[in-house]
Structure formats: C-alpha cells, structure tokens
Amino acid sequence: MCLSTVYQNERIPENIVMKNVMRMECRNGKLIFTDLMDRKLEVDAQLDSCDLSDSWILIRGKDHQSERKNQDD
C-alpha cells in the first residue's frame, strides 16, 4: 500500500495538509483526499506535482482550511 503526505506550496513539515493519504480525487475544481482512517479532506487547490514512490503530493492554491468530512456524514 502506498500512503502519501500532502503538502501545500512547499515540502516542509509546517506545510503538511494531511498524512497517510490513500486516495485523491478531483471533483468540481477541488481536490478530495482520503486517509487511511477513511477521513476526507476537501481543498480548493490544484495538483502541482507528486512522487508516489517517495510518498508525497504537492498542491497549490487557496488555504487548506476546508472542512474535514467523514464518510458517514
């Protein structure tokens, strides 16, 4: 299983948006990340780059303070 860490703007610890991401979706101009515990985070951002063999995803865009959503909500 390949789990990734999502960073915003720069790959530094202060910019971690979410860890243990197992799925990423693009829907209606937003990115939706799902972690290992099936928690979801929707962000208004764009994919900048990623290296799945090195387990990171870099996004750019608006602030990542979007609402976390559980699958049951």
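Taken together, the values in this text are just the output of simple stated rules run on the coordinates, not laboratory data. Owing to the predicted nature of the structure, the values given are computational and were not obtained by experimental measurement.
Before moving on, here are some points about what is shown:
- Evaluating 6.51 cos²θ - 1.76 cosθ + 1.60 at θ = phi - 60° for every residue in the stretch 21-31, the Karplus couplings come out as 6, 10, 8, 9, 10, 10, 8, 6, x, 10, 9 Hz, glycine and proline recorded as x.
- A convex hull fitted around the alpha carbon atoms of the stretch 1-66 yields 79 Å³ per residue.
- Residue-span extension gain [L52 to R11] - 0.36 nm each, minus C-alpha spacing: 13.4 nm
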